[in-house]
Amino acid sequence: MRKIDPKRFKIAKRHTSREINRQIALTLIRTHQPVSRADLARLMGTRRGVVSILVNELLAEGLIFEGATGEGGGRGRKPTFLYIDSRERYVIAVDVRATRTYLMATDLLGKPLVGVTSFATNRTLAVLISNLAQKIRSIVADHQAVATCQGVGVVVPGMTDPKSGRVLHAPTLGWRNVNLKDPLAAAIELPVHVENSGRACALAQVWATRDHAHIGDLAFVSVSDGVGVGIVVNGEILRGQHNIAGEFGHVPLSIDGPRCSCGATGCWEAYVSNLATLSRYFGRNPNEQKPMSAEMATFTIEDLISRARNGDGKALAALQSTGRYLGLGLASIINAVDPGRLYIGGEITAAWDLIESSVKAALAERALTDLAARTEIRTVSVEEHPRLRGAAALVAAPAFAAPMVA
Ligand SMILES: [Zn+2]
């Protein structure tokens, strides 16, 4: 893994590798576009002649294109501006969840090209791979005439080894040490990248940040069927020795708590997942193996939020309890890694106005200093597709000088 801090462009000197200079140039064009050659030279802190050679290479390879800004009326020759050429290349993003699997095609900047499609997740790996391959082939066939697929990014709710593409442990899917990457890549004849959903969300957030503020230290918490967490420290995704670093979802809030998907009891996930919130509302003991009632089986977290908004006090109380547990777990993240900013994704964000005070109160109770308790929290709505954007970033981001380049 290579770490490149996009704030430190001084590294773009003659002795640095050509590849790093290319990545820096692409990153600067991506984040500042439209940008003139002169501006690019200034941003890179290097001579115009050097930049011209680099730009000509990128133009020849079709990675960037030149165009006007469309604002006429200036004196003299109209300057041309550089843009990332995202027109003829795209990536396919896949979000595998315990219940459903989602797919989306995006351009190289992460902009969606077509709507999201989904199908019920079959937890038998071979069946899931076959279902995925079929959907991916159909997206590729639809785009064949206009664009080339650069690869497929897959995010999964579990710990992964990004080098081998193996899923080490995905509790909600019941997978241990399975190879998702190679059979899928063989079936679709495209490069495949596999990553933990929380980490991919964190990567996408870093990648999407244009102001470069807080880029170095952040945490992304994705609350859904389970809880995925991605931690970025000093601009790098935290992985640890065994690829399980940052798994705060399985840090216990109480050792006597409810049973978790991982088999342990009292994990944070067992208190804040959508199922945990619904169980609380329906008064169902999550430790009992009894099947859910028919009503609960079809009831969603969105239904619960709408009931809370329509005056159902029990629904509001269930959500606010989740808010409190969410805050307690966030305090653990703050006390452990002290990020500059916390991002929260997942369906629960639609109820943020209802639970924010519960989250903040729990944070104030547990964060070790007042300042830390006031760590900025930003929600990322379901409509922004953070997990799919994360999956797209796995393919698209390595071409740029991102803090994590796999
Ligand atoms: Zn657990």
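Every number here is computed from the coordinates shown, using simple stated rules; none is lab data. On a predicted model such as this, the values are computed, not experimentally measured, just so you know. Cβ atoms come from the backbone with ideal geometry, glycine included; neighbour counts cover every protein chain shown.
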Practice prompt. Can you tell me how much longer the chain between T80 and S52 gets when fully stretched, taken as 0.36 nm per residue apart minus their C-alpha distance, in nm with one decimal?
Written response: 8.8 nm
Worksheet item: What ranking do I188, I53, I20 get, fewest neighbouring Cβ atoms within 10 angstrom at the top?
Response: I53, I20, I188
Discussion item. One quarter of the convex hull surface, Cα atoms only: what value does that give for region 124-218 in nm²?
Written reply: 7.5 nm²
Practice prompt. Among DSSP beta bridges lying fully in the chain, give the percent that are antiparallel, nearest 5.
Written response: 60 percent
Worksheet item: What is the spread of the Cα atoms of the chain along each of their three principal axes, largest first, in whole Å?
Response: 72, 51, 45
Worksheet entry | Extension gain from R259 to F299, taking 0.36 nm per residue of separation minus the Cα-Cα distance | 12.3 nm
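May I ask you to work out the translational diffusion coefficient for region 215-304 at 25 °C, viscosity 0.890 mPa s, via Stokes-Einstein with Rh from the Kirkwood sum over Cα pairs, reported in whole µm²/s?
D = 170 µm²/s.
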Discussion item. To make sure I understand, if each residue's beta carbon is the centre and we count other beta carbons within 10 Å, what order do R87, R280 fall in, fewest to most?
Written reply: R87, R280
Discussion item. At 0.36 nm per residue, and after removing the present C-alpha to C-alpha distance, how many nm does the segment from N285 to H32 gain when stretched out fully?
Written reply: 85.8 nm
Discussion item. Suppose we keep just the DSSP beta bridges with both residues in region 146-257; what percent of those would be antiparallel, to 5?
Written reply: 75 percent
Worksheet item: Residue by residue, what Karplus-based ³J(HN,Hα) values in Hz, rounded to whole numbers, does region 365-377 have, using 6.51, -1.76 and 1.60 with θ = phi - 60° and x for Gly and Pro?
Response: 5, 10, 5, 6, 9, 4, 5, 5, 5, 9, 3, 5, 10
Item to complete: Quick one: net charge around V154, please, counting Lys, Arg +1 and Asp, Glu -1 for every other residue with C-beta under 11 Å from its C-beta.
Response: 0
Practice prompt. With everything on Cα atoms, drop me the angle between helix 125-143 and the longest principal axis of the chain, reported from 0 to 90° to the nearest 10.
Written response: 40 degrees
Item to complete: Using only C-alpha atoms and all pairs of different ones, pull out the Kirkwood radius for region 198-268 in Å with one decimal.
Response: 13.0 Å
Response to the item:
If R0 = 60 Å, then N335 and A187, at their Cβ-Cβ distance, give a FRET efficiency to the nearest 0.05 of 0.85
Worksheet entry | Relative frequency of Cα-Cα separations exceeding 20 Å in region 303-406, percent | 50 percent
Worksheet item: Using the alpha-carbon atoms, what tilt in degrees (0 to 90, nearest 10) does helix 197-208 show relative to the longest principal axis of the chain?
Response: 40 degrees
Worksheet item: How do T121, T379, T172 rank when sorted from fewest to most other Cβ atoms within 10 Å of their own Cβ?
Response: T379, T121, T172
Worksheet entry | Sorted peptide list for 240-251, 322-333, 103-114, criterion being average Cβ within 10 angstrom, highest first | 322-333, 103-114, 240-251
